[in-house]
Amino acid sequence: MLTINSRRSDRVYLDFPIQGIGTDIEGSSFDVEGRTIAISRNGAVIVLNRKLAGGQELTIRCLGTEREAKVRVVGLIGGRGSEFVYGTMLLDPAMNLWNVKFPRLTGTKKPVARVLLCGGCSSREVVHMDEIEIQVFDATRRIQRFCKSCSAMASWEQGSNGPVHGHLPTVDPHTSKRKSHGPQLKNAHVKRQHIRVKTAMSACIRQSGFSEDIVISENLSRGGLCFRSSKRYLEGSEIDVAIPYTTGRGNIFVHARVVRVEEVGDQFEHGAAYVTALRNSPVHEGVANVLPPCHLN
């Protein structure tokens, strides 16, 4: 049964190598390479070619940072062939295995967008952007912010899909167009709870049972976003949204519900509201709906 809980940490979808060290369910010791599918402050979803039991402990070494930590296998999520996908939880919550700083989700103002950024000294942090920061990032693919490691202002750009600091991502030509597909906000919208920011930013929509849908958002706010797609999503249906989204980078998906659908030409315009109470699997906080449609090769 699914339970409703507030997520304690953002979940970053990263695919990079790890080393798994432990004993499988047959009692055989192993020291094998694997990879992550997603990471959070409290654990990770990992892929290993070993059969493990729920509740057992093993050591994960993050290749690239060479940090290692003890984790507990919370449960089996899925698999294909000889590869198995597990939800795991860090035994020491204070251990920063991934060398990524995660902001607190409780007691903070809702962000307009979430993104994994890298600083000049290869510091990595999940950043919650406000209305001004997301407009700057949308235009330049970077923002200026204070780096605690350097004790100075630095240019931060989107984090790479791995443990090593990556290059500035190539801007999708579709996202660089500032074409407006709809009317300007009218006076009737002034009383909205959240300020809307006009964008032409790439987003990724995931819905259980369907392939990923790369779309362009028309505007976003702390409460949700508006996007167009050739696909029609049913009003009231639940989706996972990553915005901003860049292929091959560390992307952060949040849960949302489609609240409005309108047909516009040969496309459909959707309004989606973020859902603060997220569906989580009983095997591990933050691992439900974690797998993309083709998570294993």
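The values are calculated or read from the model by the stated rules, or taken from the named source; none is laboratory data. Predicted model only: the values in this text are computed from it and were never measured. Backbone-built Cβ (ideal geometry, glycine too); neighbour counts: all protein chains shown.
Points to keep in mind about this one:
- Looking only at the range 95-147, residues that are β-branched (Val, Ile, Thr) and touching a residue at least 40 places away in the same chain (Cβ under 8 Å) come to 6 in all.
- Taken over the range 19-36, the criterion of being assigned to a strand (DSSP E or B) and either polar (S, T, N, Q) or buried (at least 23 other Cβ atoms within 10 Å of the Cβ) (or both) is satisfied by Gln19, Gly20, Thr23, Ser29, Thr36.
- Residue check for Val100: among the aliphatic types (A, V, I, L, M), over 15 Å from Thr65 (Cβ atoms) and at pLDDT 85 or above: no
- Condition check for Ala94: in contact with a Lys or Arg (Cβ under 9 Å, 6 or more places away or on another chain) and within 30 Å of Gln158 (Cα to Cα): no
- Test set (1) among the β-branched types (Val, Ile, Thr); (2) more than 19 Å from Val259 (Cα to Cα); (3) modelled with pLDDT under 90 - Ile195 fails condition number: (2)
- Only a single item in (1) at pLDDT below 85; (2) at negative phi; (3) part of a loop (DSSP other than H, G, I, E, B) is not met by Gly209, and it is number (2).
- Listed by position, the strands (runs of 3 or more DSSP E) inside the range 239-281 whose residues that are at pLDDT 95 or above and over 13 Å from the mean Cα position of the chain (by Cα) number at least 1 are 251-264, 267-274.
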